[in-house]
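The block underneath contains the structure these notes are about, expressed in structure tokens.
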Amino acid sequence: MSQDLVETTGDGVAVLTMNRPDRLNALSGPMLDAMLEALPRLAADPNVGVVVLTGAGRGFCAGGDVKAMAEGSEMAGDTLEERAQGLRSKMETSRWLHEMPKPTIAMVRGAAAGAGLSLALACDLRVAGDSARFGTAFARVGYSGDFGGSFYLTRLVGTAKARELYFTAEMVDAQQALALGLVNRVVPD
């Protein structure tokens with residue numbers, strides 16, 4: 001397993017920790033590959049009853065690694081179609097989190113932005129620490145939403161609010177997220 005994702009299990013709980021704290025756990029190819037390996041395996045493991053997704057350090061996940069994207073080092077492939085297909089295959093992580101036959105919980109501290117927000121929304125439950133902040137972020141970097149975020153967000157907060165959050169890229173704190181129905185509860189960090 002990649003060191004970009006750390007897996008621990010015990011007492012029926014599997015914890016997947018996105019482990020790039022120096023980059024606010026921005027998604028990397030190796031991290032997503034490790035999730036795509038871990039999620040089906042954990043879904044089939046009779047000793048695992050729940051999967052918790054969290055981030056190391058002060059943030060949950062800042063989304064895609066925009067710096068690596070700008071350098072062209074994040075997605076493999078020579079053509080635009082090859083790179084797009086590579087990204088689409090990585091988005092299966094959201095589907096696994098959402099459709100897994102076991103409960104999935106996002107444990108969020110700090111920022112959950114862009115694709116990081118999408119991964120949190122894909123989970124069955126979201127527990128936010130006091131420091132949690134949520135934002136679609138895509139409009140800030142000129143990208144459209146991915147990893148299923150628009151699908152999940154619309155179902156949680158309604159079409160009008162989802163559009164507002166996508167168009168403005170406004171950051172929402174933990175208490176606002178609770179009031180909107182983005183998270184199930186807020187707890188001390």
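Here, each number is a calculation from the coordinates, and none is a lab measurement. What you see is a predicted model, and the numbers here were worked out from it, not measured in a lab. Cβ atoms come from the backbone with ideal geometry, glycine included; neighbour counts cover every protein chain shown.
Residue separation times 0.36 nm, minus the C-alpha to C-alpha distance between Glu37 and Gln3: what's the value? Before the final figure, lay out the partial values.
Numbers: separation 34, 0.36 × 34 = 12.24 nm, distance 1.34 nm.
Value of the extension gain: 10.9 nm.
Summing Lys and Arg as +1 and Asp and Glu as -1 over all other residues whose Cβ lies under 12 Å from the Cβ of Val108 gives a net charge of +2. Applying 0.36 nm per residue to the separation of Leu125 and Val187 and subtracting their alpha-carbon distance, the gain on full extension is 21.0 nm.
A Cα-only calculation for region 146-189 places Rg and Dmax at 10.8, 30 Å.
For Arg133, nonlocal amide neighbours, meaning residues 5 or more places apart or on other chains whose placed amide H falls under 5 Å from its own, are Gly110, Ala111, Ala112. Sequence-distant or interchain residues sharing an amide H contact under 5 Å with Gly55, placed H: which? Close amide H contacts, sequence-distant or interchain: Met18, Arg109. Estimated at 0.36 nm per residue, the fully extended path between Ala179 and Glu99 surpasses their Cα-Cα distance by 26.3 nm. Distance between the 7 Å Cα→Cβ label points at Asp11 and Asp45: 1.6 nm.
Computed from backbone phi with θ = phi - 60° and the Karplus coefficients 6.51, -1.76 and 1.60, the 3J(HN,Hα) list for region 154-171 is 4, 6, 7, 10, x, 5, 4, 5, 4, 4, 4, 5, 6, 6, 8, 6, 5, 8 Hz; x is used for glycine and proline.
Each residue of region 26-41 was assigned a 3J(HN,Hα) from its phi angle through the Karplus curve 6.51 cos²θ - 1.76 cosθ + 1.60 (θ = phi - 60°); the sequence is 4, 5, 10, x, x, 5, 5, 4, 5, 5, 5, 7, 6, 4, x, 5 Hz, with glycine and proline shown as x. Once the Cβ-Cβ distance of Asp22 and Phe167 is raised to the sixth power relative to R0 = 35 Å, the FRET efficiency obtained is 0.70.
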